[in-house]
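J.: To start, I am sharing the structure in question, which I have written as structure tokens.
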Amino acid sequence: MRIVITGGFGFLGRQVTGTLLRTRTFRGAPIDRLVLADRIVPAGAPERADPLVETVRGDLAECLDDVFAEPVDVLIHLAAAVSAECEADFDLGMSANLDTTRALLEAARAQSAAGGPPPRLVFASSVAVYGSDPALPLPPVVSESTLPTPRSSYGVQKLVCEQLVADYTRRGFLDGRVARLMTVSVRPGKPNAAASGFLSGIIREPLAGLPATCPVRPDLRVALASPRRTVEGILRIAEAERGMGRGRFEGGLPVNLPGLTVSVAEMLATLRQMAGDAVADLVTIAPDHEVEAIVGSWPSVFDNTRATALGLQPDPDFASVVRDYAADHRDAVLVDSPLTAGQPSEGL
Ligand SMILES: Cc1cn([C@H]2C[C@H](O)[C@@H](COP(=O)(O)OP(=O)(O)O[C@H]3O[C@H](C)C(=O)[C@H](O)[C@H]3O)O2)c(=O)[nH]c1=O
């Protein structure tokens, strides 16, 4: 089995790769090759030393011959420009998120047209396909049957690609599945250019002893998923057999990955309870209307029936999200707190 991960050296790509390299199987069958395609391939990345791993470096649209040099059984498409980048640079978003995805779909179609296996393709879409249009406000609870009306170029690009994946699947060119990701929090590392990046930054930076700015009003409610739950969702959707019933991928609609609904104020209160006043006081509230317009247009409460049928659940509460982050990134928690001692605060 040959599996390709585009954006394989991005944050989610590395997490998905790590899981697959631990199990070394996909749907119970051994993985023969894991191809990590990315425009940046870090020299010291440890996964490069694994005998299963092959790397393809460069602009994906120009590397498709290498990606498809051998038959591709599974494609997990994570290479993308993020939301604020696409808002700042329209051409980048159209090219990286739309044109490149279409080229990838065409390459997959060419493989099956030539008698090869129709690849199973997982497209990582986003909660950003939803938006609240004044003429058509979102219902209080959103599901896959809610009409997406994105309010950002990034959301539009993701939605167009979702539709293309559905049509290529309907025509039998490939077996496409769309996972709509919630905002991933807490992301480790440096801030990224996503409009939602602060939803990691307001936890990650204070835990590292650094100041952080919160660009939205604290009563804003958001739907979050930890990196662990997000990777679990991507792989569950990738591995599920098609068909009706529990554990199967049913129909052609996307799956909204489960999100934990929480207000920014609740996130900050959790940080205060778990890490103390000095840490929580490192966060300054300074609303930025551009960020608020994008993130505030996303729904925060979902009917997760479709994800639940696949056995997926949201994180139980935000305290567990923070605990997972501290456990997975001990070196990034530099403040003295119960988290570093591995002892959750009383009551959490
Ligand atoms: C724009 C672009 C990016 N990339 C690579 C660069 C990064 O190594 C990787 C993206 O990783 P990043 O860490 O920025 O993002 P993730 O958190 O993994 O999320 C990704 O999947 C979610 C669902 C998103 O929609 C994001 O836009 C997308 O970037 O794709 C390329 O290889 N080619 C390109 O044209």
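J.: Go through the stretch 177-187 residue by residue and turn each phi into a ³J(HN,Hα) via Karplus (6.51, -1.76, 1.60, θ = phi - 60°); whole Hz please, and just put x for glycine and proline.
T.: After applying 6.51 cos²θ - 1.76 cosθ + 1.60, I find 9, 10, 9, 8, 7, 7, 4, 8, 8, 9, 7 Hz.
J.: Moving on. For Thr25 and Asp50, what does the FRET efficiency come to when R0 = 22 Å and r is the distance between their Cβ atoms, rounded to the nearest 0.05?
T.: Details: r = 14 Å, r/R0 = 0.65.
Efficiency for this residue pair is about 0.95.
J.: Ok, one more. Please list, in order, the residues from the stretch 169-193 whose amide nitrogen is less than 15 Å from a point placed 7 Å along the Cα→Cβ vector of Ile40.
T.: Once the point is set 7 Å along Cα→Cβ of Ile40, 188-193 turn out to lie under 15 Å by backbone N, inside the stretch 169-193.
J.: Shifting gears a bit: ³J(HN,Hα) across the stretch 71-85 via Karplus (A = 6.51, B = -1.76, C = 1.60, θ = phi - 60°), whole Hz, x for Gly/Pro?
T.: Taking θ as phi minus 60°, the curve returns x, 9, 8, 9, 10, 10, 9, 10, 6, 6, 8, 8, 4, 5, 4 Hz for the stretch 71-85.
J.: Further question: Contour minus end-to-end for Ser95 and Thr305, with contour as 0.36 nm per residue of separation and end-to-end as the Cα-Cα distance? Please list the in-between numbers first.
T.: Numbers: separation 210, 0.36 × 210 = 75.60 nm, distance 3.38 nm.
Taking Ser95 through Thr305 to full extension adds about 72.2 nm, to one decimal.
J.: Amide H of Ile76 versus every other amide H placed in the peptide plane: which residues, excluding those fewer than 5 positions away on the same chain, fall under 5 Å?
T.: Close amide H contacts, sequence-distant or interchain: Val4, Ile5, Thr6, Val122.
J.: Taking the Cβ-Cβ separation of Val141 and Ala269 as r and a Förster radius of 30 Å, what is the calculated FRET efficiency to the nearest 0.05? If you can, show how the numbers build up before the last one.
T.: Numbers: r = 24 Å, r/R0 = 0.81.
Efficiency computed from Cβ-Cβ geometry: 0.80.
J.: Another question about this same structure. For n ≥ 4 DSSP H runs only, could you compute -39500 (n - 2.57) per run for the chain, divide by its residues and tell me the 222 nm figure to the nearest 500? Spell out each step's value before the answer.
T.: Values: 13 runs with 121 residues, N = 348.
The per-residue figure over the chain is -10000 deg cm²/dmol.
J.: Testing the spin-label approximation: label points 7 Å from Cα along Cα→Cβ at Asp331 and Asp65. State their distance in nm.
T.: 3.9 nm
J.: In square nanometres, what is the average projected area of the Cα convex hull of the chain? Present the calculation step by step, with values, prior to reporting the outcome.
T.: Details: hull surface 69.7 nm².
Hull-based average projected area comes out at 17.4 nm².
J.: Test of understanding: in a Gaussian network model of the chain with alpha carbons linked when under 10 Å, which of Val178, Val67, Val264 would top the mean-square fluctuation ranking?
T.: Of the options given, Val264 has the highest mean-square fluctuation.
J.: Once you charge only the Cβ atoms, +1 for Lys and Arg and -1 for Asp and Glu, what is the size of the charge dipole of the stretch 243-348 about its Cα centre, to the nearest 20 debye? Before the final figure, lay out each step's value.
T.: Numbers: 6 positive and 15 negative charges, 117 e Å.
Using Cβ point charges on Lys, Arg, Asp and Glu, the stretch 243-348 gives about 560 debye.
J.: On to the next question. Round to a whole number: what % of the accessible area of the stretch 31-143 belongs to carbon and sulfur, probe 1.4 Å?
T.: Working: 2730 of 5160 Å².
Carbon-and-sulfur percentage of accessible area, whole number: 53.
J.: Pop a pseudo-label 7 angstrom from the Cα along the beta-carbon direction at both Arg171 and Asp324 and give the gap in nm to one decimal.
T.: Going by the 7 Å Cα→Cβ label model, 3.8 nm.
J.: Tell me the per residue accessible area of the chain using a 1.4 Å probe; a whole number in Å² is fine.
T.: Values: 15040 Å² over 348 residues.
Dividing the accessible area of the chain by its residue count gives 43 Å².
J.: Between the helical axis of 100-113 and the dominant principal axis of the chain, each derived from Cα atoms, what acute angle in degrees is found, rounded to the nearest 10?
T.: Once rounded, one gets 30 degrees.
J.: Rounding to the nearest 10 and keeping the result within 0 to 90°, find how far the Cα-based axis of helix 153-170 lies from the longest principal axis of the chain.
T.: So the inclination is approximately 40 degrees.
J.: How much of the accessible area of the stretch 226-315, in percent, comes from carbon and sulfur atoms when a 1.4 Å probe is used?
T.: Working: 2050 of 3860 Å².
Carbon-and-sulfur percentage of accessible area, whole number: 53.
J.: Next up: Could you go through the stretch 226-236 in sequence order and give the Karplus-derived ³J(HN,Hα) for each residue, using 6.51 cos²θ - 1.76 cosθ + 1.60 with θ = phi - 60°, rounded to whole Hz, and x for Gly and Pro?
T.: The phi angles translate into 5, x, 4, 5, 5, 5, 4, x, 4, 6, 5 Hz.
J.: Compute the long axis of helix 198-207 from its Cα atoms, compare it with the longest principal axis of the Cα atoms of the chain, and write down the angle in degrees, 0 to 90, nearest 10.
T.: Result, in degrees: 60.
J.: Starting from the coordinates of the alpha-carbon atoms of the stretch 95-170, obtain the Kirkwood hydrodynamic radius over all distinct pairs and give the value in Å to one decimal. List each step's numbers first, then the result.
T.: Working: mean 1/r = 0.0725 Å⁻¹.
About 13.8 Å for the stretch 95-170.
The values are calculated or read from the model by the stated rules, or taken from the named source; none is laboratory data. Note that the structure is a prediction, hence the values are computed from the model and not measured. Glycine gets a Cβ as well: all are built from the backbone with ideal geometry, and neighbour counts include every protein chain shown. Quick note on the areas: whole protein, heavy atoms, side chains included, nothing else; ligands and nucleic acids left out. Shrake-Rupley method; radii C 1.70, N 1.55, O 1.52, S 1.80 Å.
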